[in-house]
């Protein structure tokens, strides 16, 4: 990414899968990055610390362990660094866990986002990127999903918090003329993917010769998007962040679950043992991104086909300790 001048960028969720890749990309482009993460034990914090290991060697990266809901922590960061923009990736993630803990998801994903937006307003941080999700579309019958489609029927608390987060962002743009872009990520995968997500979970189980849980009949479809394509889009969105906008960031080529399993088997060179189970509450039947707006405004062009992305993921996974 080319910039007229290096910027000081605040990245929340910096120790996570997407966050750590975004931080590395920004630093490689010459920016200064201040990362915030609470190392939540939703999955092993040791994994998150490994995600940070390369970043901590850079003189252009500073890490703060803290919570986005902690206004004192957030305000202290805003005072101590001349921050020019925020990339807000931190959240309680996961559709199924949100059904078990809706209050916790609302607390982190809504109150935390409100704290960050208000702090950005108070300290004159004009640019703000918000990580949203394809889950806001629910079981939208129209495909591909367009940013112009109504998203009034989320089917999980997680999805509802992401829709509500977009609304908070619009409110701050309307009231204070902040430049805000909401990025709807579609099933991001690649090295460092969270261990609870399908590709990582399936690959580990198949590698170990253990059964994989297949929810439904295998016809569920997801629009899988490789992490490098996402970091390209995030950096482009930072350059182009003006006014208020929502962007779908997917590959625009959904893959059936049974086809995905076949591709993982091929990447591993091992067969899967399938354990068929009922569909889970909160799971949508398909995701499919219309990316024409991101193509037009951001120059977004996803380049990594699933087979190549899975090859890269498997090579990384086999170098890692068991998750």
Region 37-59: number of residues that are in contact (Cβ under 8 Å) with a residue 12 or more places away in the chain and assigned to a loop (DSSP other than H, G, I, E, B): 8
Any chance residue 34 is farther than 23 Å from residue 189 by Cβ, assigned to a loop (DSSP other than H, G, I, E, B) and in contact with a helix residue (DSSP H, G or I) (Cβ under 8 Å, 6 or more places away or on another chain): no
Residues of region 116-139 that turn out to be in a loop (DSSP other than H, G, I, E, B) and either in contact (Cβ under 8 Å) with a residue 12 or more places away in the chain or under 18 Å from the mean Cα position of the chain (by Cα) (or both), as a count: 5
Hey, residue 39 at pLDDT 95 or above and on the phi < 0 side of the Ramachandran plot or not: no
Residue in region 293-309 that is farthest from residue 246 (Cα to Cα), counting only those that are in contact with a helix residue (DSSP H, G or I) (Cβ under 7 Å, 6 or more places away or on another chain) and surrounded by 15 or more Cβ atoms within 10 Å (Cβ to Cβ): 306
Per-region count, region 274-289, residues part of a strand (DSSP E or B) and touching a helix residue (DSSP H, G or I) at 6+ places or on another chain (Cβ under 9 Å): 2
Scope region 265-285; condition within 25 Å of residue 137 (Cβ to Cβ) and surrounded by 18 or more Cβ atoms within 10 Å (Cβ to Cβ); matching residues: 282, 284
Selection status of residue 230, over 22 Å from residue 168 (Cα atoms), more than 23 Å from the chain's Cα centre (by Cα) and modelled with pLDDT of 95 or more: no
Cross-chain or 6+ apart pairs with Cβ under 7 Å, region 73-96 first and on the phi > 0 side of the Ramachandran plot and in contact (Cβ under 8 Å) with a residue 12 or more places away in the chain, then assigned to a loop (DSSP other than H, G, I, E, B) and surrounded by fewer than 18 Cβ atoms within 10 Å (Cβ to Cβ): 94/196
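The values are calculated or read from the model by the stated rules, or taken from the named source; none is laboratory data. In this text the structure is predicted, and so the values were computed from the model without any measurement. Quick reminder, even Gly has a Cβ in these numbers, built from the backbone with ideal geometry, and neighbours come from all protein chains shown.
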